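Reading through the structure tokens given below for one structure.
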Amino acid sequence: MKHEKIETNAGLLIIFTLIVISIGGLVEIVPLYFIDSTVEKVTVAGKDTIHPYTPLQLRGRDIYMREGCYLCHSQMIRPFRDEALRYGHYSLAAESKFDHPFQWGSKRTGPDLARVGHKYSNQWHVQHLTAPRSVVPESIMPNFPWLIKNELTYKDIEDRMKALKDVGVPYSITEKEYQANVKRFGKKIAEQLDINHAEQNLLAEETKNNYDGIPGKVTEMDALVAYLQVLGTMVDFKQFEEDHFVKFR
Ligand code: HEC
């Protein structure tokens, strides 16, 4: 059939347009029915090791988005040999299942950050974020000197957690939800996910780790470094056979 025939006949054009759109729709919608089998189950000793962020890490993630770190950094290690050699095990779907919105990205002006957790010390991050060229002379990353000066606002942490809860992240409010989390993640993590104690937990985590190196002051740097240090650390790949995750692909 000549292309002109379709383009000059509104009825035909509508029919063919609908066919094309439904193919596109199917390609996007059908995989959602299999999502349970494609998002890996990552459990060690009966507990899920991938859990939602603690209140402090969550604030750090918000700052990561506010500062536009994602414009230069992806958080998805693709299953290619060169990426695995550089960054570590490829990212699992399960590792970003609690991220709303996810930070996969495709722009890598800087390196992928999906497994940057525990790669450097807290002190290195503080120095690097404040003045990247003081630790990596050839860096083109911008300075973020205000992070260490700005006090962290955390009064709204409960609302932030509730918003995520609304889209399915298992933070708990009721005793029943809390108990379900104890069963799923263990007591220590479940306590961190309890919205009723969010502020208290956030402050305790900051006091314990003092990410920014300034005792007694809760800065945006504390939150951002707490977030960076957890990235890619929730799955201990040594606990699994080398090809364990292949079957989910
Ligand atoms: C203009 C692009 C750009 C932006 C925006 C940017 N970075 Fe970077 N980042 C880079 C480049 C380039 C490097 C590699 C050189 C270096 O280490 O400084 C890097 C390196 C890093 C590293 C070290 C990674 C590794 O494995 O060595 C971390 C951590 C990091 N950036 C975090 C951040 C955070 C957090 C933000 C937001 C506050 C941010 N970056 C914003 C470009 C950027």
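The values are calculated or read from the model by the stated rules, or taken from the named source; none is laboratory data. Bear in mind that the values here come from a model prediction, so they are computed numbers and not experimental data. Quick reminder, even Gly has a Cβ in these numbers, built from the backbone with ideal geometry, and neighbours come from all protein chains shown. Ligands, DNA and RNA are excluded from the accessible area calculation, which covers all protein heavy atoms including side chains. Shrake-Rupley method; radii C 1.70, N 1.55, O 1.52, S 1.80 Å.
For the stretch 69-82, a tally of residues being in a loop (DSSP other than H, G, I, E, B) and closer than 9 Å to Arg108 by Cα returns 3. Just one of (1) touching a Phe, Trp or Tyr at 6+ places or on another chain (Cβ under 8 Å); (2) in contact (Cβ under 8 Å) with a residue 12 or more places away in the chain fails for Ile6. It is (2).
Among the residues of the stretch 132-143, those that are part of a loop (DSSP other than H, G, I, E, B) and without any contact (Cβ under 8 Å) to a residue 24 or more places away in the chain comprise Val135, Val136, Pro137, Glu138, Ser139, Pro142, Asn143. With respect to Met76, is the statement that it is out of contact with any Lys or Arg (no Cβ under 7 Å at 6 or more places or on another chain) and farther than 26 Å from Leu203 by Cβ true? Spelling it out, Met76 is indeed out of contact with any Lys or Arg (no Cβ under 7 Å at 6 or more places or on another chain) and farther than 26 Å from Leu203 by Cβ.
So, Ile189, is that one farther than 12 Å from Pro52 by Cα, within 22 Å of the chain's Cα centre (by Cα) and at pLDDT 95 or above or not? No, not satisfied. Restricted to the stretch 238-248, and to residues there that are part of a helix (DSSP H, G or I) and out of contact with any Asp or Glu (no Cβ under 6 Å at 6 or more places or on another chain), the residue that is farthest from Tyr211 (Cα to Cα) is Lys247.
Considering the conditions (1) out of contact with any helix residue (DSSP H, G or I) (no Cβ under 6 Å at 6 or more places or on another chain); (2) modelled with pLDDT under 95, Val44 is excluded by exactly one of them, (1). Mind listing just one residue for me: the one in the stretch 120-135 that is out of contact with any helix residue (DSSP H, G or I) (no Cβ under 8 Å at 6 or more places or on another chain) and away from the ligand (no atom under 11 Å from the Cβ) and, of those, least open to solvent (accessible area, probe 1.4 Å)? So, considering only residues that are out of contact with any helix residue (DSSP H, G or I) (no Cβ under 8 Å at 6 or more places or on another chain) and away from the ligand (no atom under 11 Å from the Cβ), the one least open to solvent (accessible area, probe 1.4 Å) is Ser121.
The residues on offer are Leu85, Leu129, and the sole one that is without any contact (Cβ under 8 Å) to a residue 40 or more places away in the chain, part of a helix (DSSP H, G or I) and farther than 20 Å from Leu193 by Cα is Leu85.
Restricting attention to the stretch 60-106, the residues being open to solvent by 50 Å² or more (accessible area, probe 1.4 Å), in contact with a Ser or Thr (Cβ under 8 Å, 6 or more places away or on another chain) and among the hydroxyl-bearing types (Ser, Thr, Tyr) number 1.
Only residues that are within 7 Å of the ligand (Cβ to nearest atom) and either assigned to a helix (DSSP H, G or I) or surrounded by 12 or more Cβ atoms within 10 Å (Cβ to Cβ) (or both): list them for the stretch 107-119, please.
Result: Gly110, Pro111, Leu113, Val116, Lys119.
Annotation: His100 fulfils all but one of (1) of a type outside the set (A, V, I, L, M); (2) within 11 Å of the ligand (Cβ to nearest atom); (3) under 22 Å from the mean Cα position of the chain (by Cα); the unmet one is (2).
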